[in-house]
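The values are calculated or read from the model by the stated rules, or taken from the named source; none is laboratory data. Just so it is clear, the structure is predicted and the values come from calculations on it, not from any experiment. Cβ: placed from backbone, ideal geometry, glycine included. Neighbour counts: every protein chain shown.
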Amino acid sequence: MKNWIIAMAALATAPMVQAAAAQEVPAAIFTDPARDPANPARMEVLHIPSGGVAINGLAYVAAGPGPHPVVLLCHGLPGNEKNLDLAQAMRRAGWTVITFNYRGSWGSPGSYRFANDLADADAVLAWLRIPANAASLGIDPKRIAMVGHSLGGWVTALTAAHDPALLGAALISPGNIGFLGHMPRDTAAGFFTANGLEALADTSGAIMADEAIAHADAFDFVKAGPRLIGTNLFVLTSDDGLAPEADRLAAAVKAAGGTRLTTLHVATDHSWSDRRIRLESEIIRWLAGLGQ
């Protein structure tokens, strides 16, 4: 009898537990927006000038008349996980999302170099802030946030360090190229090669290692910490071995007096393979707090 009562109580409370869990997931994760025939959600192919070439980009334009706030989403090295499920979720939450491929990556012309990654991010931001381009996409160029995964987190951190106009910057399992630049050349080259370089043009593990070593201090996002104290910064780490450097960045921001920092560690792999809903939920809640 006692076991039967316990079982019935569990059945009775299960819907409440499920409802509570559902409330923790933003509606944009599982609910399509109302269709706006006059201003439907759409995709636009972009060709953005940077370094004398036009890099490839995509705009995931949010539904509604806008102008919409914008997320610039930066992929990693080489970018096998492009987080396009996250892009779609952010669009459902009302943000127009811009993705792009760095020079020399995934069909964008030019040579792949870390310095070009940084310059390309600046070029995309500058392009989005041109009034005619902003108007054509229905975006508000004064409301741009950046989200970057892995190497894209490094790009995002160093970009935000010199672009105070950004609403905020989220780093997902970021990798610190400056830290790798302090490794022995063969070790760094092996690390880069292990990531698979088939989608990158005119580069190699050795070329990457040499560039990282030559610019180790400039590429170290921990050293950028004092320049991020005014940034609404969200640092998400995982069980991928990269968390210590991200923790050092967070500590540097705090030590310099930063008060707009949020950190989160989740037990998952580098690509958040079994925590995609959690990742989308965390990012969407963070974006909602930026004051669209």
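For segment 192-206, what are the residues that are farther than 29 Å from ALA145 by Cα and buried (at least 17 other Cβ atoms within 10 Å of the Cβ)?
Hits for segment 192-206 are THR203, GLY205.
Only one of these is modelled with pLDDT under 95 and not in a helix (DSSP H, G or I): PRO65, PRO78. Name it.
Working: PRO78 fails: modelled with pLDDT under 95.
None of the other options fit; the residue is PRO65.
When you scan segment 178-200, do you find a residue that is farther than 26 Å from ALA256 by Cβ, within 21 Å of the chain's Cα centre (by Cα) and not in a loop (DSSP other than H, G, I, E, B), even just one?
yes
To keep it simple, each residue is scored yes or no on (1) touching an Asp or Glu at 6+ places or on another chain (Cβ under 8 Å); (2) within 22 Å of VAL97 (Cβ to Cβ); (3) surrounded by 22 or more Cβ atoms within 10 Å (Cβ to Cβ).
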| site | (1), (2), (3) |
| --- | --- |
| ALA157 | no, yes, yes |
| PHE179 | yes, no, no |
| ALA188 | no, no, yes |
| ASP210 | no, no, no |
| ARG227 | no, no, no |
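Give ALA93, ALA126 a once-over and let me know the one that is buried (at least 22 other Cβ atoms within 10 Å of the Cβ) and out of contact with any strand residue (DSSP E or B) (no Cβ under 8 Å at 6 or more places or on another chain). Break it down into steps so the answer makes sense when it comes.
Values: ALA126 fails: buried (at least 22 other Cβ atoms within 10 Å of the Cβ).
Result: ALA93 is the single residue among ALA93, ALA126 that is buried (at least 22 other Cβ atoms within 10 Å of the Cβ) and out of contact with any strand residue (DSSP E or B) (no Cβ under 8 Å at 6 or more places or on another chain).
Taking the criterion of being polar (S, T, N, Q), crowded, with 18+ Cβ neighbours inside 10 Å and touching a residue at least 12 places away in the same chain (Cβ under 8 Å), would at least one residue in segment 250-260 satisfy it?
There is no residue in segment 250-260 that is polar (S, T, N, Q), crowded, with 18+ Cβ neighbours inside 10 Å and touching a residue at least 12 places away in the same chain (Cβ under 8 Å).
Got at least one residue in segment 101-124 being farther than 22 Å from THR203 by Cα and part of a helix (DSSP H, G or I)? Reasoning before the result, please.
Initial filter on segment 101-124 (farther than 22 Å from THR203 by Cα): 124.
Narrowing the set further to residues that are part of a helix (DSSP H, G or I) leaves 124.
For segment 101-124, residues farther than 22 Å from THR203 by Cα and part of a helix (DSSP H, G or I): present.
When the residues of segment 229-249 are filtered to those that are more than 15 Å from SER150 (Cβ to Cβ) and polar (S, T, N, Q), which remaining residue is surrounded by the fewest Cβ atoms within 10 Å (Cβ to Cβ)?
Out of the qualifying residues, it is ASN232.
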